[in-house]
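S.K.: The structure that follows is given in the form of C-alpha cells.
The values are calculated or read from the model by the stated rules, or taken from the named source; none is laboratory data. Everything numeric in this text was worked out from a predicted model, so none of it was measured. Positions of Cβ are generated from backbone atoms using ideal geometry, with glycine treated the same way; all protein chains shown enter the neighbour counts. Please note that ligands, DNA and RNA were not included when accessible areas were found on the heavy atoms of the full protein model with its side chains. Shrake-Rupley method; radii C 1.70, N 1.55, O 1.52, S 1.80 Å.
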Amino acid sequence: MISGQVIQTSIDELRSITRIDLCVTDMDGNAVASTFSEGEGQKEALLLFGDSAADSQVVQGCHFFKIKEDQVPEYMLIARGSGEDVYMVGKIAVSQIQNLIIAYKERYDKNSFIQNVLLDNLLLVDIYNRAKKLHVEVEVKRVVYIIETKQEKDSNALEIVKSLFASNTKDFITAVDEKSIILVKELKPEDGYEGVERTAKMLLDMLNSEAMSQVRVAYGTIIDEIRSVSKSYKEAKMALDVGRIFYEEKSIVAYNTLGIGRLIYQLPVPLCEMFLDEVFGGKFPEDLDEETLMTINKFFENSLNVSETSRQLYIHRNTLVYRLEKLQKSTGLDVRVFEDALTFRIALMVENYMRFMKRETI
C-alpha cells in the first residue's frame, strides 16, 4: 500500500504549482494527506459520496473525486473550489495518485520481486530491502524448477502447478516467457536432492495426466540465500538446453547430473569444429544411420561389453563385431578400446551440439 507521506508530497507539489488546496481521505472519510486543515470537516458528505455510484461530484463548493485501484475505490479526493480549473486540477491529482498506486504495487508485489530476482534485475541491496518489506525469508534453502510446456501460455498447466503448491505461501510460481512455468520452492533444512527429484517427478506425473500435456522439468542446485535464486534459475535453464541436445529421452533434467554434456555446452563453436576436424578429418561419417547409432549407444550403455550388447539387441555376437569393425574402417576409431570409445562418444555429443547451434542461428 502506498504511504500517506508519498501522497502528501504529491499533493503538496500540486498545491505549490496550482494554488488549489487538496485533501485525500480513505473510504471512511479519514484524512490521509491534506494541504488544508478543514479537510476532515466534510466527513459526512464524503461518506455519502463514497456510497454513491458517481466518480466525481460538486459538494459544498468543493469537487469530490474517487481514486481507484483496479476499478475499486481506494481513496477520495477533495479539491477546494467549484470552477473548471479546480475540476481539471482534481482530475490531474487523481491520475497522478492512481499511477503512484500502480507503481508502488508493482514495486512491492512479490511476483514482480521474484521475477526481478530471477532475471538479475536488482542490486544486492535492493534484494534485501524489498525482501524485508515483503516479508520474504532471506536465508532459507530453495531450488528453482522450470516446467517447459509444449503449448505457449498453457494456463491449464499453470493452474495445476498453483494448486499443488497453493498451501505453501513461501513458494513462488511465476513465468518470464511464453512456454515455461517457474517454481521457486522453499525447502526444509533437512531436504536434499532426493526430495527435489521426487517433487520433479510429482510435477511431471500430475501435468502429464491432469493437463494432458507433455512437459519437461529441469531444476538447478539447492541454494541457501535469496540472492542466489538467479543462479539456480540459470542452472535450470541450462539443464533444459543441455537435456534437449544430449538427453532427449529424459523428461526430468537436473543441473548436477549433466556430466560431460554441460562441459560441451559451454565450449566455443570454433573449438568444437577444431575437435571434430581432428577426429574425423573435417567430415562426419555419413554411414552412421539410425541402426548404427543405436548399436553404438547400446554398446556404450553396456560398458563396451560385446556379449551383453548383442543379447540386448537380439543379434549374433559376430554381427555386432562386424558392425563395430565397419565403424572402425570409416572413422579410424575402434570403440572396443576404451580411449577410442571415449573419443567417439565425445565426438557424437559435440556433433549434436553443433547441429543444435546451427538450428538456433537459423
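S.K.: Quick one: 3J(HN,Hα) in Hz for segment 183-193, Karplus 6.51/-1.76/1.60 with θ = phi - 60°, rounded, Gly and Pro as x.
M.R.: Each residue of segment 183-193 in turn: 10, 9, 9, 7, 10, 7, x, 8, 5, x, 6 Hz.
S.K.: Do the sum for the chain: with -39,500 (n - 2.57) for every DSSP H run of n ≥ 4, divided by all residues, what is the mean residue ellipticity at 222 nm, to the nearest 500 deg cm²/dmol?
M.R.: Numbers: 14 runs with 191 residues, N = 362.
That comes out to -17000 deg cm²/dmol.
S.K.: Estimate the FRET efficiency between residue 98 and residue 290 by the formula 1/(1 + (r/R0)^6), using the beta-carbon distance for r and 56 Å for R0, to the nearest 0.05. List each step's numbers first, then the result.
M.R.: Values: r = 62 Å, r/R0 = 1.11.
It comes out at approximately 0.35.
S.K.: Leaving out ligands, DNA and RNA, what percent of the accessible area of the chain is carbon and sulfur, probe 1.4 Å? Could the numbers behind the result be given before it?
M.R.: Values: 9890 of 20040 Å².
Ligands and nucleic acids excluded, carbon and sulfur reach 49 percent.
S.K.: In whole Hz, with x marking every Gly and Pro, tabulate ³J(HN,Hα) for segment 310-316 from phi via Karplus 6.51 cos²θ - 1.76 cosθ + 1.60, θ = phi - 60°.
M.R.: Going residue by residue, I get 5, 5, 6, 8, 6, 10, 5 Hz, with x marking Gly and Pro.
S.K.: Please identify every one of the chymotrypsin sites (Phe, Trp or Tyr not before Pro) in segment 274-349 that sits in a loop by DSSP and has no more than 15 other beta carbons within 10 Å of its own beta carbon.
M.R.: Numbers: sites: 275, 280, 299, 300, 314, 322, 338, 344; in loops: 314.
Of the chymotrypsin sites (Phe, Trp or Tyr not before Pro), the ones in loops of segment 274-349 whose Cβ has at most 15 other Cβ atoms within 10 Å are 314.
S.K.: Then there is this: Kindly state, to the nearest 0.05, the FRET efficiency for residue 277 paired with residue 72, given R0 = 56 Å and r defined as their beta-carbon distance. Please report the intermediate quantities before stating the final value.
M.R.: Numbers: r = 66 Å, r/R0 = 1.18.
For R0 = 56 Å, the calculated efficiency reads 0.25.
S.K.: Still on this structure, please answer the following. Just checking my list (1) 31.6, 104; (2) 30.4, 97; (3) 21.4, 69 against Rg and Dmax of the Cα atoms in Å computed from this structure; which label fits?
M.R.: (1)
S.K.: Which residues make up the longest stretch of the chain that has no GluC sites (Glu not before Pro) in a DSSP loop with at most 16 other Cβ atoms within 10 Å? Provide the component values of the computation, followed by the final result.
M.R.: Working: sites that count: 137, 139, 152, 178, 190, 225, 248, 249, 286.
Value returned for the longest uninterrupted segment is 1-136.
S.K.: Trypsin sites (Lys or Arg not before Pro) within segment 282-362: which are DSSP loop residues with at most 10 other Cβ atoms inside 10 Å?
M.R.: Of the trypsin sites (Lys or Arg not before Pro), the ones in loops of segment 282-362 whose Cβ has at most 10 other Cβ atoms within 10 Å are 283.
S.K.: Residue-wise, which Karplus ³J(HN,Hα) couplings in Hz belong to segment 56-69, taking 6.51 cos²θ - 1.76 cosθ + 1.60, θ = phi - 60°, and x for glycine or proline?
M.R.: Rounded to whole hertz, the list is 8, 6, 9, 9, 6, x, 10, 8, 9, 9, 9, 9, 10, 10.
S.K.: Where both residues lie in the chain, what percent of DSSP beta bridges are antiparallel, nearest 5? Walk me through the numbers on the way to the answer.
M.R.: Working: 35 of 39 bridges.
So the antiparallel bridges amount to about 90 percent of the total.
S.K.: With labels modelled as points extended 7 Å from the Cα through the Cβ direction, what inter-label distance (nm, one decimal) is found for residue 340 paired with residue 257?
M.R.: Placing both labels 7 Å beyond Cα along the Cβ direction yields 3.2 nm.
S.K.: Can you list residues whose amide H is under 5 Å from residue 74's amide H, if they're 5+ apart or on another chain and H is modeled 1.01 Å from N?
M.R.: 67, 68, 69
S.K.: Something else about it: Longer than 25 Å from Cα to Cα, which of 231/358; 110/231; 105/141; 43/68 are they? Say none if no pair is.
M.R.: Correct reply: 231/358; 105/141.
S.K.: Note the angle between two axes, namely the Cα long axis of helix 269-280 and the longest principal axis of the Cα atoms of the chain, as a number of degrees from 0 to 90, rounded to the nearest 10.
M.R.: 10
S.K.: Given a Förster distance of 51 angstrom, what is the FRET efficiency for residue 300 paired with residue 105, based on the Cβ-Cβ distance and rounded to 0.05?
M.R.: On the way: r = 55 Å, r/R0 = 1.08.
In this case the efficiency is close to 0.40.
S.K.: Skipping prolines and chain starts, which residues have an amide H placed within reach, meaning under 5 Å, of the one on residue 34, given they are 5 or more residues away or on another chain?
M.R.: Amide H neighbours of residue 34, under 5 Å, 5+ apart: 24.
S.K.: Further question: Under a point spin-label approximation (7 Å from Cα along Cα-to-Cβ), what is the residue 355-residue 244 distance to one decimal in nm?
M.R.: 1.6
S.K.: Now a separate question. Could you pull out the trypsin sites (Lys or Arg not before Pro) across segment 64-168 that fall in loop regions by DSSP (anything but H, G, I, E, B) with no more than 14 other Cβ atoms inside 10 Å? Display every interim value, and only then the final one.
M.R.: Details: sites: 66, 68, 80, 91, 105, 107, 110, 130, 132, 133, 141, 142, 150, 153, 162; in loops: 141, 150, 153.
Answer in residue order: 150, 153.
S.K.: Roll a 1.4 Å probe over the protein chains and send me the accessible area per residue for segment 149-272 in Å². Intermediate results must be reported in sequence, preceding the final value.
M.R.: On the way: 6380 Å² over 124 residues.
With all protein chains present, segment 149-272 gives 51 Å² per residue.
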